[in-house]
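> First the structure, which I've put down as structure tokens, then a few questions once you've had a look.
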Amino acid sequence: MSDLGVLRRVELRSVWPHEAHDFAPWLAEPASLAALSSVLGLELELSGQEVAVGPYAADIVCKDTLSNTLVLIENQLDKTDHSHLGQVLTYAAGLKAQTVIWIAARFTDEHRAALDWLNTITQDEWQFFGLEIELWRIGASLPAAKFNIICQPNAWSRTVRSEAAKAEASSPTQALQLRFWSGFRDRMVAKGQRAPKPSAQSWQSFRVGRTGFSLEAVVRRAEQQLMVRFCINCEDLPPKVVFRHLRRRQYVIQGVLGFALTWNELPGKKGSAVCVACANCPLEDESRWPEYHEWIATMVAKLDYVFRQLIKPLQPEDLLDAAQDE
């Protein structure tokens, strides 16, 4: 049998000597935020560092592009203390952040209890996470960071209870839609994938890594149809020109996907959409829901893979070819 390496703990300050000058900038890097997003089931996009809150400054402020809400990240390289707890609450209130992530070398029982209490007494839209960070290496390898969740909101049960109450109070259709999207989220979580919070509506939205673009999964009950569409509603680029830029490459895109798309420029509307649909899918047939959930998950993953690569680096000069089509 081959020899195995020995996992060794690395002191945090041997890699990040200074909390503000070393640790916070590393945490704000895209790769670090991606790792943190994966652990928490969020999709974090950096908004700013040392963001002013009155006379104070918050370490890192992000946007969760899955929910389009503000996220505060407070970090420290030592065990949690009352000073940082006060900062967390002050910054969250000043920024009106709906998600708070407190990262430290070690959480005391008192501060863990404080976050658990906040998660208990606050409404569904606020959530508080406590994470401990560790560094490990094998032999002479580079150190690797590991985030451990110490406390987190019971957001899933709170959301389902709240949405279920609203749905049942409004209509049987909304209650049916809530059950459908709750089952979809269960499927995604079981496979270690992220999904939006279930809601009592006919659609669910997924972010694709750039503001103004999204994927939507839609249940069209009257048509007995499922649909996944890539939506173009950007502000920093002309949406119609972006649509034409992509449509010029439709055969390459469809070749990668392995199926055809419907290209809807939507004249008279600001945005445009690119869609794929599945017919003969009555929502009332709950025995087929696992099949529906699998189709939606597959289409969302495939369209995300293709369009995310195309739109994330897109710049105005890339659109010159499509601008001539106007």
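> Could you tell me the center-to-center distance, by alpha carbons, between segment 21-92 and segment 98-115 in angstrom?
Taking the Cα centre of segment 98-115 as reference, the centre of segment 21-92 is 13 Å away.
> Could you rank the peptides 25-31, 67-73, 234-240 by their average count of other C-beta atoms within 10 Å per residue, with the highest value first?
Ranked by mean Cβ neighbours within 10 Å, highest first: 67-73, 234-240, 25-31.
> Quick one: grab Rg to one decimal and Dmax as a whole number for segment 262-326, Cα atoms only, in Å.
16.6, 50
> Here is a further query. What percent antiparallel are the DSSP beta bridges of the chain, to the nearest 5?
80 percent
> Among 171-177, 98-104, 36-42, what's the highest-first ranking by average C-beta atoms within 10 angstrom per residue?
Details: 171-177: 15.6, 98-104: 23.7, 36-42: 18.6.
Highest-to-lowest ranking by the protection proxy: 98-104, 36-42, 171-177.
> In addition: Too long at a 19 Å Cα-Cα cut-off: which of 197/269; 191/302; 197/270?
Over 19 Å Cα-Cα: 197/269; 197/270.
> For segment 1-47, just list the percent of Cα-Cα distances falling in each 5 Å bin from zero outward, please.
In whole percents, the pair-distance histogram is 5, 18, 16, 17, 17, 12, 8, 5, 2, 0.
> Gaussian network model of the chain, Cα springs within a sub-10 Å range: biggest mean-square fluctuation belongs to which of 274, 189, 218?
Largest GNM mean-square fluctuation: 189.
> Computed on alpha carbon atoms, what radius of gyration and Dmax characterise segment 93-138, expressed in Å?
Rg and Dmax of segment 93-138, Cα atoms, are 12.8, 43 Å.
> Given (1) 27, 51, 22, 0; (2) 27, 55, 17, 1; (3) 30, 52, 14, 4, 0 as candidate values of P(r) over Cα pairs in 20 Å bins from 0, in percent, which corresponds to the one derived from the coordinates?
So the calculated entry is the one marked (1).
> Take the Cα coordinates of segment 197-314, assign each an equal point scatterer, and use the Debye formula without solvent to give log10 I(q)/I(0) at q = 0.10, 0.17 Å⁻¹.
Debye intensities relative to I(0), on a log10 scale: -0.30, -0.86.
> Right, another one. What percentage of the solvent-accessible surface of the chain, computed with a 1.4 Å probe over protein heavy atoms, is contributed by carbon and sulfur atoms?
It is 54 percent, rounded to a whole number.
The values are calculated or read from the model by the stated rules, or taken from the named source; none is laboratory data. No experiment lies behind these values; they were computed from the predicted model shown. Here the Cβ is made from the backbone with ideal geometry for all residues, glycine too, and neighbour counts use every protein chain on show. The accessibility values were calculated without ligands, DNA or RNA, using every heavy atom of the protein model including side chains. Shrake-Rupley method; radii C 1.70, N 1.55, O 1.52, S 1.80 Å.
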